[in-house]
Amino acid sequence: MTSLPSLPAPKKIGLVIDLDVCVGCHACVVNCKEWNTGGYGAALSDQQPYGADVSGAWLNRIHTFEVVPQGGEIVGEAGDARIVHFPKSCLHCEEAPCVTVCPTGASYKRAEDGIVLVDEDKCIGCGLCAWACPYGAREMDVAAGVMKKCTLCIDRIYNETFEEVDRVPACVRTCPANARHFGDFADPTSDVSRMVVARGGIDLMPEQGTRPVNKYLPPRPRTALADMASLPLAENTAGAKGFFAWLDGMLDRI
Amino acid sequence: MHPAPSIILFTVASGLGYGLAIMLGLGLLDPQALATKVAHVLSLVLIGGGLVSSTLHLGNPRRAWRALSQWRSSWLSREGVMALATFVPLTLSATLALFAGRHSLALDLVGAVMAVATVWCTAMIYASLRTIEAWHTPLTPACYVAFSLAGGALLAAFFAALGGGEPRGPALAALLLLGIAWATKRAWKRRVTALVSATTPETATGLGSIGKVRLLERPHMTENYLTHEMGFRVARKHAAKLWLIAVGFGALLPGTALVVLLTGQGDALVITAAALACLGFVLGLLVERWLFFAEARHTVMNYYGG
Ligand code: SF4
Ligand code: SF4
Ligand code: SF4
């Protein structure tokens, strides 16, 4: 059924992505692909994987943005521009437009936990759901002709054969910087809910009315370079002490 | 958006087919005449051909029947259901005209109403998408229906000229509908030109509170499904030229030809004028549809620097 669940889900599981912490290493991208190409549904195919024009289906991608404050300079090191690495996977929206447009019933939102999934046996590969998603979270598997998207690693998070610590999405488990967190947003005491409150978690494109479950934590405020007290100045040796003061004096004398 | 030839062909062909069916249903042509019988067949061929072409871009066409199941929420599903259901009255009407040489008013009217509804559903697939702001307006289905009716009247005038009846009635209707269609399209285009996108790289990333957001690096060096499908962009100077071509072929040429038809004398002149009008309109409409897709910007491009 491509109508959305009428009752609010008892659980609202999803991800918190910390933009302050993400270093843009793409580890989650690779592990997401690795996990999902071997598990649920058709493999995530690549086209011309060894050619010049390689492309393929990925469920998670990292974009990198440069954010320039008003009056800031563009060049990263010299000005106040910030580089923000931006991981993006399905946000498991509460008002998921990708679900309601689906003509076949392949796309659906689970009533019990809010995960948005594609039943690949029903999907005709019309691509309309990818048009309806504002975030670009759905990609066609060109080889299988079916739509692919983040499953919130449904085959890990409920997998009782896994140790507790591994019952989280592959991207969360693999992130070396701990930039991705998994949990239940319906529970106000969960880690993810608390993080969102503490850090002012945000929705992407609120104007699209999708009410995403996943939240993003904005980068923490940063001291402007110009205001930093101790800039490492290569020319100034006035504060040198001990051995360095001696070395400074000796070198001056030579 | 990527202007897929299969979808352009589908919307143009089925729009013309339904338009012609509507004009036939309104009794614009004489059911006894051979030309009218051909018109009935052509309308069904255009509709059927369009539907087949629309399945060409599916990843799994053999499961297409499943698309009939979600009419409660999906405009694509509604369109599929309506398209199939509309075949029933249209085929019956065609059969009556072909073998009995007569109309059935009730049947024709049902067919005409359902045909309008089907074109409406097709357009609503696009108009319902908030992600493509240019399409997200009631003017989109209005344009689709108006172009379908105008095209149908033009074809009806042509078949009337070929012996299906008095061509001046359909030609006058075509002139009027053509004017309405292009006026609607002009309003649509004005809205698009004036559109200030609510979705920006700042809202897409949530980083607007820090400053201006600019893409530094895409996720991968090469293109992907999203940039193929939604990243298509047509140079503005070409878009302006193509718009002129669309208006020239789709509005001015048929308009002039219809005036010649209405004022001129002689079968050869009338037939030539009607044929030219139809030909120009179809060409213009193909360009208009190509631009409809090619010029549309999808919100996902905020993540891809486009
Ligand atoms: S992020 Fe896109 S694919 Fe995921 S639920 Fe929202 S609209 Fe659907
Ligand atoms: S591509 Fe598949 S999942 Fe997406 S709308 Fe079409 S049938 Fe539904
Ligand atoms: S939750 Fe799983 S499928 Fe979704 S982005 Fe993370 S690794 Fe990929």
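Restricting to DSSP H runs of at least four residues, report the calculated mean residue ellipticity at 222 nm for chain B, -39500 (n - 2.57) per run over all residues, nearest 500 deg cm²/dmol.
-22000 deg cm²/dmol
Return one whole number: the accessible area per residue of chain B in Å², for a 1.4 Å probe. Before the final figure, lay out each step's value.
Working: 12910 Å² over 306 residues.
About 42 Å² of surface per residue is accessible.
Once the Cβ-Cβ distance between A:Arg211 and A:Val23 is put in as r, and R0 is 30 Å, what FRET efficiency do you end up with, to the nearest 0.05?
The computed FRET efficiency comes out at 0.55.
Leaving out ligands and nucleic acids, note down the accessible area per residue over chain A with a 1.4 angstrom probe, in whole Å².
47
Any idea how far the Cα center of region B:10-85 sits from the one of region A:141-198, in Å?
44
May I ask you to list the GluC sites (Glu not before Pro) in region A:112-171 that are in a DSSP loop and have at most 12 other Cβ atoms within 10 Å of their Cβ?
Within region A:112-171, the qualifying GluC sites (Glu not before Pro) (loop, at most 12 other Cβ atoms within 10 Å) are A:Glu112, A:Glu160, A:Glu163.
What's the lysine pair count for chain A at a Cα cut-off below 15 Å, pairs eight or more apart or interchain?
Pairs that pass both the separation and distance tests number 14.
May I ask which residue of B:Val260, A:Thr64, B:Gly305 lies farthest towards the positive end of the charge dipole of the protein assembly as shown, with charges of +1 (Lys, Arg) and -1 (Asp, Glu) on Cβ and the Cα centre as origin?
Value computed over the given set: B:Val260.
List the relative contact order of region B:56-175 as a percent without decimals, with contacts defined as Cα pairs under 8 Å and 6+ residues apart.
16
Give me the mean projected area, in nm² to one decimal, of the convex hull enclosing the Cα positions of region B:1-74.
That works out to 6.7 nm².
Tell me the total accessible area that A and B bury against each other, 1.4 angstrom probe, in square angstrom rounded to 100. Before the final figure, lay out the partial values.
Numbers: alone 14300 and 15320 Å², together 24840 Å².
Accessible area lost upon association: around 4800 Å².
Return a whole-number percent for the relative contact order of chain B, with Cα pairs under 8 Å and 6 or more residues apart as the contact set.
Once divided by the residue count of chain B, the mean separation gives 24 percent.
How many lysine pairs are close in chain B, with Cα atoms under 21 Å apart and the two 8 or more places apart or on different chains?
4
Among rounded, prolate and oblate, which fits the protein assembly as shown when a ≥ b ≥ c are the square roots of the eigenvalues of its C-alpha gyration tensor, a/c under 1.5 means rounded, and a/b larger than b/c means prolate?
In terms of gyration-tensor shape, prolate.
Can you pull out the chymotrypsin sites (Phe, Trp or Tyr not before Pro) in region A:155-229 whose DSSP state is coil and whose Cβ has at most 16 other Cβ atoms within 10 Å?
Working: sites: A:Tyr158, A:Phe162, A:Phe182, A:Phe185, A:Tyr216; in loops: A:Tyr158, A:Phe162, A:Phe185.
When the chymotrypsin sites (Phe, Trp or Tyr not before Pro) of region A:155-229 are filtered for loop state and at most 16 Cβ neighbours within 10 Å, A:Tyr158, A:Phe162 remain.
I'd like the Kirkwood hydrodynamic radius of region B:5-303, using the inverse of the mean 1/r over distinct C-alpha pairs, in Å. Walk me through the numbers before you get to the answer.
Values: mean 1/r = 0.0488 Å⁻¹.
Its Kirkwood hydrodynamic radius stands at 20.5 Å.
So, with a 1.4 angstrom probe, what is the percent of accessible area on region B:5-303 that is carbon and sulfur?
71
Can you grab the distance from the C-alpha centre of region B:128-176 to the C-alpha centre of region A:202-216, Å, no decimals?
40
Amide H to amide H, which residues 5 or more places from A:Lys148 or on other chains are under 5 Å from it, using H placed in the peptide plane?
So A:Lys148 has HN proximity to A:Glu139, A:Met140, A:Asp141.
With no solvent and one point on each alpha carbon, what is the Debye value of log10 I(q)/I(0) for chain A at q = 0.16 Å⁻¹?
Here the Debye-derived log intensity ratios amount to -1.23.
Select from chain A the helices, each a whole stretch of DSSP H, whose alpha-carbon atoms run 15 Å or more along the helix axis and whose Kyte-Doolittle mean is at least -1.0; answer none if there are none.
Membrane-span-like by this rule: A:27-38, A:242-253.
Would you kindly calculate the mean projected area, averaged across all directions, of the convex hull enclosing the Cα atoms of region B:49-147, in square nanometres?
With every direction weighted equally, the projected area is 7.8 nm².
Below 8 Å between Cα atoms, with a sequence gap of 6+, how large is the relative contact order for region A:109-171 in percent?
25
Rounded to the nearest 20 debye, what is the charge dipole size of region B:52-174 about its Cα centre when +1 sits on each Lys and Arg Cβ and -1 on each Asp and Glu Cβ?
On the way: 8 positive and 4 negative charges, 86 e Å.
Around 420 debye, computed over region B:52-174.
So what's the back-of-envelope 222 nm ellipticity for chain A, counting only DSSP H runs of four-plus at -39500 (n - 2.57) apiece and dividing by all residues, rounded to 500?
-5000 deg cm²/dmol
What are the membrane-span-like helices in chain B by this rule: whole DSSP H runs, Cα extent along the axis at least 24 Å, mean Kyte-Doolittle hydropathy at least 1.6?
Counting only whole DSSP H runs, the qualifying helices are B:5-25, B:105-127, B:139-159, B:267-294.
If you put +1 on each Lys and Arg Cβ and -1 on each Asp and Glu Cβ, how big is the dipole of the protein assembly as shown around its Cα centre, in Debye rounded to 20? Can you show the working numbers first?
Details: 47 positive and 44 negative charges, 247 e Å.
In total the dipole reaches around 1180 debye.
The values are calculated or read from the model by the stated rules, or taken from the named source; none is laboratory data. Everything numeric in this text was worked out from a predicted model, so none of it was measured. Ideal geometry is used to build each Cβ from the backbone, glycine not excepted, and the neighbour counts take in all protein chains shown. Side chains are part of the model used for accessible areas, which takes the heavy atoms of the whole protein and leaves out ligands, DNA and RNA. Shrake-Rupley method; radii C 1.70, N 1.55, O 1.52, S 1.80 Å.
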